[in-house]
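The values are calculated or read from the model by the stated rules, or taken from the named source; none is laboratory data. Note that the structure is predicted; figures quoted are calculated from it, not measured. Don't worry about glycine lacking a Cβ; one is built from the backbone with ideal geometry, like all the others, and counts go over all protein chains shown.
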Amino acid sequence: MELNDKPAAAKASKSQVRHKSGGRPVGSQNPHKPGLDARFAASKLLAAVVEKRTSLDGMLDQDHGNPAFKALNDADRALVRAILHSALRYLPRIDAIVDELLDTPLPDGAKSLQHHLVVGAAQILYLDVPDHSAVDLAVEQANRDPRNRRFAKLVNAVLRRVSREKNALLAHFDGVPCVPEWFFDRLTQVYGRDHAEAIARAQLEPVMIDLTVKSDPVGWAARLGGRVLPTGTVRLDPFKGAIPALEGFDEGEWWVQDAAAAIPAKLLGDISGLRVADLCSAPGGKTAQLVLAGASVVAIEQSAARLRRLQANLDRLKIHAECRLANLLDIDDAEGFDAILLDAPCSSTGTTRRHPDVFWTKGQADIEKLASLQEKLLRHALTLVKPGGRIVFSNCSIDPSEGESVVARVLADNPHIARVPILPSNWPGLEKAINSLGEFRSTSAIFDWDGGLDGFYAAVMTKV
Ligand SMILES: C[S@@+](CC[C@H](N)C(=O)[O-])C[C@H]1O[C@@H](n2cnc3c(N)ncnc32)[C@H](O)[C@@H]1O
């Protein structure tokens, strides 16, 4: 997903929150209350995630995002991102703290008030924002809504207590897992309780920034102050600043791609000179890898907006692929590709460290639906590869029903398709992520590498 993201500051800095000249930043709508629009936007988008299960990525798009977000200036956009990221990352804990401080639960019709409280508390507890400003703006939000006005004093009292008792509250609620119950139960069922707890803990670790570089990883690691992982990814510590401002971005020398997401394309092996289909291709991180590995790539994508983004990403990288707007189910076997990568749509539960909204926008029913879609896509993809050709099936879910089970079912009734086991000896540093069947299976909990990896699944097959 990474190329998709418009990279932004990981955390709002004080300079972004306070306005540099002390005056109104360009684009701000409220000259008398700087930052108020950002808080309203944060509450609104939080409501869309938790009540309507709307994914954050689309709403935070610079050009096509939610109007309340697009109306903000750059500093306020960065602040909204930071607030939402913290609010969603720590939501179970913040909810528990707010509940604790309310004498009686808020009435059913006061959902927006709850969002203002969460947005305020997230800033006080987890962001570098002056507490008084978080409190004042939450009170102002309540005051401006006739339905909430009578609760403005309550908002003031609760958030002032959050501010006063911050350390004690954080310590007291430290044990509340920051993943929803349905997710934790499923992890426990699949991986066992210790592993599930480790994944829940990893959720709160700082998330590194991983780059795939066109060439010279050692040189780029030195220039950008990062390190090279055993798989060739350049890893940077999180920093306060904009990724596009880094050396090499404008020149298209690298792109953001989690180290785990960079594995599937490599599993196709030597593809130099081959005609390769990247069947679910946008935003294009894997397309770029395939082209750089020397293949002639047909990138297929069914969403026009996402295909445009893929094209823009490839343009920045000065990389050429044939980009086709199509449903892969409509592509027929006359095409005969030498190799295929199917990075299928999934629940994205492996990426919750970076995309904590996934917890609140996806559920068990989505996982089941996606698993059956993946099986359909994989069965069709297998018809498009020439005999002797390789297929890699991958996705960023950590639920085996979207990975291991799909492949097992397809192999079971497809005698012309054989598994190609991934050999741990060929992947130094990744041994723990290769299962007994020779499939790649990472979770955020099983890595010794500083900063870990996202959860990912990949299997390699061939047509015999
Ligand atoms: C997980 S994303 C792919 C990420 C991409 N491989 C990368 O590394 O940047 C899945 C993509 O598949 C696309 N997609 C889903 N169903 C499709 C279909 N039937 N045909 C073509 N594309 C599809 C989605 O629009 C989405 O962009």
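Here are some notes:
- When segment 274-291 is filtered for residues that are in a helix (DSSP H, G or I) and near the ligand (Cβ under 6 Å from one of its atoms), the ones remaining, listed by number, are Gly285, Lys286.
- Spans of strands (runs of 3 or more DSSP E) in segment 311-423 with at least 2 residues free of Cβ contacts under 8 Å to residues at least 60 places away in the same chain and more than 14 Å from the ligand (Cβ to nearest atom): 417-419
- From the list Ala221, Ala157, Ala200, Ala168, the one residue that fits, being at pLDDT below 95, in a helix (DSSP H, G or I) and aliphatic (A, V, I, L, M), is Ala200.
- Test result for Leu211, touching a residue at least 40 places away in the same chain (Cβ under 8 Å), in a strand (DSSP E or B) and surrounded by 15 or more Cβ atoms within 10 Å (Cβ to Cβ): yes
- Considering (1) assigned to a loop (DSSP other than H, G, I, E, B); (2) closer than 30 Å to Pro206 by Cα, the lone condition that Leu113 does not fulfil carries the number (1).
- When Thr54, Thr104 are checked against the criterion of being surrounded by fewer than 18 Cβ atoms within 10 Å (Cβ to Cβ), polar (S, T, N, Q) and closer than 30 Å to His172 by Cβ, a single residue qualifies: Thr104.
- Scanning segment 295-310 for residues that are closer than 18 Å to Ala261 by Cβ and assigned to a strand (DSSP E or B) gives Val297, Ala299, Glu301.
One line per residue, one yes/no per condition, for (1) among the β-branched types (Val, Ile, Thr); (2) at pLDDT below 95; (3) in contact with a Gly (Cβ under 6 Å, 6 or more places away or on another chain):
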site: Val385; (1), (2), (3): yes, no, no
site: Gly389; (1), (2), (3): no, no, no
site: Ser401; (1), (2), (3): no, no, no
site: Ser405; (1), (2), (3): no, no, no
site: Arg409; (1), (2), (3): no, no, no
site: Ile422; (1), (2), (3): yes, no, yes
